[in-house]
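As structure tokens, the structure follows; a few thoughts come after it.
The values are calculated or read from the model by the stated rules, or taken from the named source; none is laboratory data. In this text the structure is predicted, and so the values were computed from the model without any measurement. Every residue, glycine among them, receives a Cβ derived from its backbone with ideal geometry; neighbour counts consider all protein chains shown. Just the protein is used for accessible areas: all its heavy atoms, side chains included, with ligands, DNA and RNA removed. Shrake-Rupley method; radii C 1.70, N 1.55, O 1.52, S 1.80 Å.
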Amino acid sequence: TCFVRATHSLAADRMTIVLIDDLHFAPEEGRALFSSLAMAMPGHRVLLIGSTRPGVSQEWVSGLTRLPQTTQIDVPRLGPKDLVALLQDSFASEHLAEQLGLQIAVKSDGNPFFAFEIIRGLREGQFITQKDDGTWVSTQIINEIKIPSSILDLVNARVSKLTDDERNLLDVASCWGFEFDASLVGEALGLRRLPVLQTMAKIEKRERLVRASGRSFVFDHHQVQEALYSSLPEMLREEYHAALAEALEARTKALENDPETLDGALCVDLCEHYLKGARGENALRYLEAAQTHLTKGYLHAQVASLTEHALAIPNLLAGPERARTLLRLAKALDPLGRRARQEECAREAERLAEESDDEEVRAQAAIALGWCLYQTSRHEEAEAASRRALELAVARGGKKAEAAATGNLGNVFASLGRLPESQEHFERYLALSREIGDRQGEAIATGNLGNVFLSLGRLPEAQEHSERHLALGRESGHRQGEADATGNLGNVFWSLGRLPEAREHYERYLALSREIGYREGEANATGNLGNVFWSLGRLSDAQKHYERHLTLSREIGYREGEASAQHNLGCVLREEGERAGSEERLLASLVVCEEIGHRYLAAATHLALGSLRAAAGDEEGGRESLAAARDLAAKIGVPGYEMLARCELALLPGGDAADALAAFTENEERLGAEERLEARLLLWKATRDRAHLDEAKRLLDDSLANVPSECHEAMLTNVRVNREIVAAWNGESGDPDAPTLPDDESDDDEPHGTESVTRAG
């Protein structure tokens, strides 16, 4: 009566909310009090809320829900969209929510309390930190999210109510995983099927620690499974895993069949549980079939984990067999971007092959090492390893190894800007792949040739080869090849000025890369999408993508991606008027380019740096950088960069407008859409020939016609080259034949050049 009247008194003064949490823990008197309040509230400004888990007395619940003023609401777990919204709000960062969303979703199972505790754990562990603008960013690579003790304590409290027999069943089930076959768990313990299923049903009804899911059971939360598993002593865990593997092997009669004929998923389960059960010899029987199955599903992290476990068992693998296992591990680590361990595997495999005098494995190990060294931009070492592999392959007549080594050399030469040599090696790679019927090799060689043609400005050939690459990748079921080909086609469309098609292909490239765990592809696709957003005038979106490109590249040791991202960040900062930050980024890119010997990117960066310095009035610095860009681009055969550098040089005092015009005439047919547009503006500035401005305006109109009308304002306002063309066309300077710089350049004493920039793909 006292509680009811006190609540009525509060409600007479203002709207009152009464919340009673965890009614399932309340004694009978507590639930009776809640019922009394519920019955006494009609006619009063009171919202009475009680929360309870499943398992509370249904008779009591039914008595409440029969009241006309009562509503019962089942509160489900958060769905993916709601969880993402919660994370975006908590982090004040769409990027971090996207980066950690999947891991938190798995660990929290949509439980908002668990999600908030995980976020708190990340903050307290300094895995994430808050910037001055209030947004949160990661401070390191977060490969696995640890469950905070507050969640484990809550789970352990629920588990403590189990009987010994119930706990034994769930302990073994936790060794299988989040979802499990209850009858197999019973077989591992030597129990009959029916009592096991009855016990599981009781646990589900009483404790809600597990629940039926079709013919299987799942734990109520991942944390329940993890808490049970982590509490087991190591030796007991091993025995449970071994018992599960033996029960599964007996049930499926796997010992009676060749592992290659068994279901791949079965081989994965048998191999995994025998390894965890300290039965290495038993696991070895299924290892290769398990690796093959996981690789086909692009489950590279699982391949790596399984293989590392096998390699860690003393004396299980030795000699050529260990070398081949290491090479399979190196192949799995490649798309994950784990370069240091990848290199260790390749070097150890090569050493083991040399010790056992196995020429075939030696060649394969040299190929793997050459590829890893190329990926980390150590081109001199990569070339040496690839040549070693080529010699070994030719000596023993191994055409597939010869093709792979030849392709590796082509990649090295492409990165060094030695495009004619690169083309020659890719053509040889293509011929060898066709000769031995290697469709995947044919696809890769075709795509690489397309990239060479794109660098050379031969766009029709680049498009033809990229489309052929895509078709071959799809035919052969090579998802990584399909992803790369999709990205390469996006590059072609971007060069042609077909921005909607470029964006569509880059988004598909990004989705495919994420789907198959291809981190280098994710990095490249992210950077390329940044280029599209820049072309569309969405500079903040471009900058976010370039920063993400830089982060991903650094995480996986992808130096070329790091240089490209730094270059593009420098250029977009210049567009936003931040010249000091721009030069800092461009110089950082140039340092990486010089460290890794990437002459193509170096030419682009010298060009952007020279243009920046010239526009800021640093005539000497601008001339030096532009000349370096011109000479390097001419040496490696990149027409666009050479032509733009010569046009920029023509704008400096004493510049040669005739040389700029000659450079454009020589290379016009090999230029991309943006290069052609920029060149026309520069030529108009250098020659004051109105025909160049007219053509620049026509090209700008064409580019606008290729995008939705809602993009036009941003493209004309935020992209400096476009803005200059419009300003000049409108005669804002008062002299239709005089170059017009934007307002933010008008305070320079002696402005030189333009604010054009060159992006790196």
If the requirement is being within 21 Å of PHE114 (Cβ to Cβ) and at pLDDT 85 or above, which of these qualifies: LEU86, LEU67?
LEU86
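Table: residues versus (1) within 33 Å of the chain's Cα centre (by Cα); (2) crowded, with 19+ Cβ neighbours inside 10 Å; (3) among the charged types (D, E, K, R).
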{"site": "MET200", "(1), (2), (3)": "no, yes, no"}
{"site": "ARG206", "(1), (2), (3)": "no, no, yes"}
{"site": "ALA212", "(1), (2), (3)": "no, no, no"}
{"site": "PRO233", "(1), (2), (3)": "no, no, no"}
{"site": "ARG237", "(1), (2), (3)": "no, yes, yes"}
{"site": "ASP258", "(1), (2), (3)": "no, no, yes"}
Does the stretch 17-31 include one or more residues that are closer than 29 Å to ARG208 by Cα, at pLDDT 90 or above, aliphatic (A, V, I, L, M) and open to solvent by 100 Å² or more (accessible area, probe 1.4 Å)?
yes
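Tell me whether the stretch 560-583 contains one or more residues that are hydroxyl-bearing (Ser, Thr, Tyr), open to solvent by less than 50 Å² (accessible area, probe 1.4 Å) and at pLDDT below 90.
Here is the first cut: in the stretch 560-583, the residues hydroxyl-bearing (Ser, Thr, Tyr) are 564, 582.
Checking the rest, the ones that are also open to solvent by less than 50 Å² (accessible area, probe 1.4 Å) come to 564, 582.
Next, only the ones that are at pLDDT below 90 stay: none.
Within the stretch 560-583 (the criterion being hydroxyl-bearing (Ser, Thr, Tyr), open to solvent by less than 50 Å² (accessible area, probe 1.4 Å) and at pLDDT below 90), the answer is no, since none of the residues qualifies.
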Taking the condition free of Cβ contacts under 8 Å to residues at least 12 places away in the same chain and not acidic (Asp, Glu), does LYS81 pass?
yes
What are the residue pairs meeting all of these: first residue in the stretch 11-37, first residue outside any strand (DSSP E or B), second residue hydroxyl-bearing (Ser, Thr, Tyr) and open to solvent by 30 Å² or more (accessible area, probe 1.4 Å), Cβ atoms under 6 Å, and 6 or more apart or on different chains?
ASP21/SER51; LEU23/THR52; HIS24/THR52
Is it the case that ALA658 is over 23 Å from GLY617 (Cβ atoms), open to solvent by 60 Å² or more (accessible area, probe 1.4 Å) and free of Cβ contacts under 8 Å to residues at least 24 places away in the same chain?
yes
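For every residue, the table says whether it meets (1) among the charged types (D, E, K, R); (2) touching a residue at least 24 places away in the same chain (Cβ under 8 Å).
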{"position": "LYS544", "(1), (2)": "yes, yes"}
{"position": "LEU552", "(1), (2)": "no, yes"}
{"position": "GLU555", "(1), (2)": "yes, yes"}
{"position": "HIS567", "(1), (2)": "no, yes"}
{"position": "ARG579", "(1), (2)": "yes, yes"}
{"position": "ALA602", "(1), (2)": "no, yes"}
{"position": "ALA616", "(1), (2)": "no, yes"}
{"position": "GLU624", "(1), (2)": "yes, no"}
{"position": "ALA645", "(1), (2)": "no, yes"}
Within the stretch 506-534, considering residues that are of a type in the set (Asp, Glu) and crowded, with 21+ Cβ neighbours inside 10 Å, the one modelled with the highest pLDDT:
GLU522
Could you figure out which of (1) touching a helix residue (DSSP H, G or I) at 6+ places or on another chain (Cβ under 8 Å); (2) at pLDDT 90 or above; (3) under 24 Å from LEU677 (Cα atoms) isn't true of ASP484?
(3)
Give the residues of the stretch 198-242 that are in a helix (DSSP H, G or I), over 21 Å from ILE147 (Cβ atoms) and touching a strand residue (DSSP E or B) at 6+ places or on another chain (Cβ under 9 Å), sorted by residue number.
MET200, ALA201, ILE203, GLU204
Which of the residues that make up the stretch 413-429 are free of Cβ contacts under 8 Å to residues at least 40 places away in the same chain and either under 28 Å from the mean Cα position of the chain (by Cα) or open to solvent by less than 20 Å² (accessible area, probe 1.4 Å) (or both)?
PHE413, SER422, PHE426
Among the residues of the stretch 704-721, what is the count of those that are more than 16 Å from GLU674 (Cα to Cα) and part of a loop (DSSP other than H, G, I, E, B)?
1
Looking across the stretch 350-394 at residues that are crowded, with 16+ Cβ neighbours inside 10 Å, β-branched (Val, Ile, Thr) and free of Cβ contacts under 8 Å to residues at least 60 places away in the same chain, the single one that is nearest to ALA330 (Cα to Cα) is ILE367
Residue list for the stretch 430-454, restricted to those being in a helix (DSSP H, G or I), open to solvent by less than 50 Å² (accessible area, probe 1.4 Å) and not hydrophobic (A, V, I, L, M, F, W, C)
SER433, GLY441, GLU442, THR446, GLY447, ASN448, GLY450
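Of these, ARG538, ARG503, which one is out of contact with any Gly (no Cβ under 8 Å at 6 or more places or on another chain), of a type in the set (Lys, Arg) and either surrounded by fewer than 23 Cβ atoms within 10 Å (Cβ to Cβ) or at pLDDT below 95 (or both)?
Numbers: ARG503 fails: out of contact with any Gly (no Cβ under 8 Å at 6 or more places or on another chain).
Selected residue: ARG538, the only one of ARG538, ARG503 that is out of contact with any Gly (no Cβ under 8 Å at 6 or more places or on another chain), of a type in the set (Lys, Arg) and either surrounded by fewer than 23 Cβ atoms within 10 Å (Cβ to Cβ) or at pLDDT below 95 (or both).
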